[in-house]
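All remarks here apply to the structure that follows.
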Amino acid sequence: MTFSQGKEPPAICPGCGAFLQSDDPEAPGFVPEGLKPRQGMVCRRCFRLVHYRQATKAPLSDEQIFGILRREMENADGGIVFLDALQLAPNPRLEKQLKEWGKPFLKVINKYDMLSSWFRDGPSTRQLETILGVSKDDFLTMNALDHAAVRKALTWLESRFSRGARVLLMGPVNSGKTTFLRSACAEARFASSSPMPGTTLGPIGVSNSRLGMTFVDIPGFRSDDPWIPILCPDCLFRLQPEKKLVRSSFSLSLGDALLFGGLVEVKVLDNPKGNRLGTAAFTPESLKPHRTKSQRAAELIEKHSGELLRIPCRGCRTVLDGIPRTEAEVQLSKGQDLVLPGCGWLTLLRGEGIFSVAAPHFFKFRVRAALIGGDEIDEG
């Protein structure tokens, strides 16, 4: 955006990056009438988010985000691409954009500590290389709240960029970009960090005086989490793990179904070898799967959403009931994960079978090599 010479540019909220305004209370960047928007002022949405954990969703599409990214790339020297350890799915569109850009960047897998305790044989470097399709030298595992881990990323930046460099922070919503910014720069104390996906609404530039570099926090891509447009802020909060993923083991037979809240149903359609299937589900605490028989699944979803099935709440259940559902088959073999975006994943540890995944029509699952192995199965 350009401004006339001598004209002061619009004030930007340092919490979310939105332009401050007093015209529309429902639009991003709103400050109450009587408070003249000025640089350094936090918008009402960020104030409520930080002080009261009250969150509201703001409309922002991936098209808008990629528009922001393209503009920022014109004047940037490199970047850090964040991946959520709980999703681990590189964004194809971003990967193409990075290749065309041609600047150096580091991949960071954030929230890795939520997974590391499950690796019995030490670091999962080989699995991560397979899933990400990159060499171990091209990514770091970390938690953006761990200053030692943040320091490793800053050391990488120092080895590649000189003072005055402009570095972009890119990735999906809730992958740790803003948390990293706050950890790396004392000057970023106003940047709003929250479990609510999609907090950042515009580019937030912060100068790190020690490194002499400027970090630019780019809003996260929404398409990586299919539930953001649908669920209310409270349900989106509850979908975020608090400390680590919960591991739930199940021995499944023909006709068994697992309910991931009232969002997704996975059931066993066929088991060619006839043996019970050893599985392990890795989910947020609030989405621990409930096992039932497939013929009872619809009844449970209808009667117990917001109660036994904590997500979705009753209000979100009404919204979901108005969205067509689809059911798709998938074949799994031992050593594969059925990835359910926003919900976790189901690992097949013993046997092979054909499953069905019933979910709203916009939901897209995928299969990958198992991230976390193990042959022991406890009866779920």
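Here are some notes:
- Matching residues in segment 256-287 - criterion: being within 23 Å of GLY373 (Cβ to Cβ) and either without any contact (Cβ under 8 Å) to a residue 12 or more places away in the chain or out of contact with any strand residue (DSSP E or B) (no Cβ under 8 Å at 6 or more places or on another chain) (or both): none
- For the residues PHE282, PHE250, the requirement of being under 16 Å from VAL339 (Cα atoms), assigned to a strand (DSSP E or B) and among the aromatic types (Phe, Trp, Tyr) singles out PHE282.
- Qualifying residue in segment 139-148 (condition: under 22 Å from ARG71 (Cα atoms), at pLDDT 85 or above and surrounded by fewer than 16 Cβ atoms within 10 Å (Cβ to Cβ)): no
- Subset of segment 208-243 that is in contact (Cβ under 8 Å) with a residue 24 or more places away in the chain and of a type in the set (Ser, Thr, Tyr) - its residue that is surrounded by the fewest Cβ atoms within 10 Å (Cβ to Cβ): SER223
- Test: LEU88 is part of a loop (DSSP other than H, G, I, E, B) and either touching a His at 6+ places or on another chain (Cβ under 6 Å) or surrounded by 14 or more Cβ atoms within 10 Å (Cβ to Cβ) (or both): yes
- ALA358 vs. criteria surrounded by 17 or more Cβ atoms within 10 Å (Cβ to Cβ) and either touching a residue at least 24 places away in the same chain (Cβ under 8 Å) or of a type outside the set (Phe, Trp, Tyr) (or both): yes
- Condition broken by LYS57, with the remaining ones in (1) under 20 Å from PHE215 (Cα atoms); (2) charged (D, E, K, R); (3) not in a strand (DSSP E or B) satisfied: (1)
- Considering residues of segment 253-264 that are surrounded by 18 or more Cβ atoms within 10 Å (Cβ to Cβ) and part of a loop (DSSP other than H, G, I, E, B) only, the residue modelled with the highest pLDDT: LEU263
- Options GLU95, GLU63: the member that is part of a helix (DSSP H, G or I), closer than 30 Å to SER116 by Cβ and either at pLDDT below 80 or among the charged types (D, E, K, R) (or both): GLU95
- Condition met for THR347 (in contact (Cβ under 8 Å) with a residue 24 or more places away in the chain, polar (S, T, N, Q) and crowded, with 19+ Cβ neighbours inside 10 Å): yes
- If only residues of segment 180-203 that are farther than 19 Å from GLY40 by Cα and at pLDDT 85 or above are counted, the one that is nearest to the chain's Cα centre (by Cα) is PHE180.
- Members of segment 83-102 found to be closer than 22 Å to GLU63 by Cβ and touching a residue at least 12 places away in the same chain (Cβ under 8 Å), listed by number: LEU83, ASP84, GLN87, ALA89, PRO90, ASN91, ARG93, LEU94, GLN97, LEU98, TRP101
The values are calculated or read from the model by the stated rules, or taken from the named source; none is laboratory data. Small disclaimer: the values here were computed from a predicted structure and weren't measured. Neighbour counts run over all protein chains shown; Cβ positions are idealised from the backbone, glycine included.
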